[in-house]
Amino acid sequence: MDLITDQVNERPMSNEVREQVELSAKHLYGLIHARYIITMRGLAKMLDKYKRGDFGKCPRVFCNNNPLLPVGLTDVPNQKMVKLYCSRCEDIYNPKSRRHSMIDGAYFGTSFPHMLFQTYPTLKPAQTEQRYVPRIFGFKLHATAELHRWQDEQRELQKKRLGIASNG
């Protein structure tokens, strides 16, 4: 804890021990951060960052640049890197910033964005019902055509597995 608060005793340590202590301190700081941001003070600070769009905007066109929030896919450290959650489409995205993509997701936790909107429900945007509809010359693609293409692909894969020659 002294290392985190910069009150380190200047006792001689080997480089290996110093590196291990620094890694452990960073890990401890990250876990404390995950707990802090779900306190009332932490939520208020993160709310300001959300309103400023500090974590980026949703890349999905129909979300109209909705601000993103950091989220972990697991609360277990060293498993997955942080992702960005859009509250409008309720999907997650990889961070664009290389710096952000190297942060452990457990340092934000799986609950943070949902806790924020439970605390400040008026800030949760309405979900978008708009979906992109593929078209060719203005005509919607028929779902049955897509199903038939998939079935044909599966049939060909099955023939290959069974060693049957294709008639194509």
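The values are calculated or read from the model by the stated rules, or taken from the named source; none is laboratory data. Everything numeric in this text was worked out from a predicted model, so none of it was measured. Cβ: placed from backbone, ideal geometry, glycine included. Neighbour counts: every protein chain shown. These accessible areas exclude ligands, DNA and RNA; they are computed on the full protein's heavy atoms, side chains included. Shrake-Rupley method; radii C 1.70, N 1.55, O 1.52, S 1.80 Å.
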_Net charge within 12 Å of I103 by Cβ-Cβ distance, Lys/Arg positive one each and Asp/Glu negative one each, not counting I103 itself?_
+4
*How far apart, in nm, are two points set 7 Å out from the Cα along the Cα-to-Cβ line at E153 and at K26?*
4.0 nm
_For a 19 Å ceiling on Cα separation, which of these pairs sit above it: K26/K51; K80/K124; K26/K96; K57/K96?_
K26/K51; K80/K124; K26/K96
*Report, please, the projected area of region 78-136 averaged over directions, based on the convex hull of its C-alpha atoms, in nm².*
6.0 nm²
_Label-to-label distance, nm, for residues given as N66 and D48 (7 Å Cα→Cβ offset)_ = 2.5 nm
_Three-way shape call for the chain based on the alpha-carbon gyration tensor, with the a/c threshold at 1.5_ = oblate
_Rounded to the nearest 20 debye, what is the charge dipole size of region 76-168 about its Cα centre when +1 sits on each Lys and Arg Cβ and -1 on each Asp and Glu Cβ?_
240 debye
*Efficiency by 1/(1 + (r/R0)^6): what FRET value for S14 and V76, r their Cβ-Cβ distance, R0 = 41 Å, to the nearest 0.05?*
0.85
*For region 89-168, report the translational diffusion coefficient in µm²/s to the nearest whole number, using Stokes-Einstein at 20 °C, 1.002 mPa s, and a Kirkwood Rh over Cα pairs.*
117 µm²/s
*Order of 153-161, 50-58 by packing, highest average Cβ count within 10 Å first?*
50-58, 153-161
*Under the definition of Cα pairs under 8 Å and six or more residues apart, what whole-number percent is the relative contact order of the chain?*
16 percent
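Using only alpha carbon positions, build the gyration tensor of region 55-94, then give the equivalent ellipsoid semi-axes as the square roots of 5 times its eigenvalues, largest first, whole angstrom. Intermediate results must be reported in sequence, preceding the final value.
Details: eigenvalues 93, 13, 10 Å².
Working through the eigenvalues yields semi-axes of 22, 8, 7 Å.
Of all accessible surface on the chain at a 1.4 Å probe, what whole percent is carbon and sulfur?
54 percent
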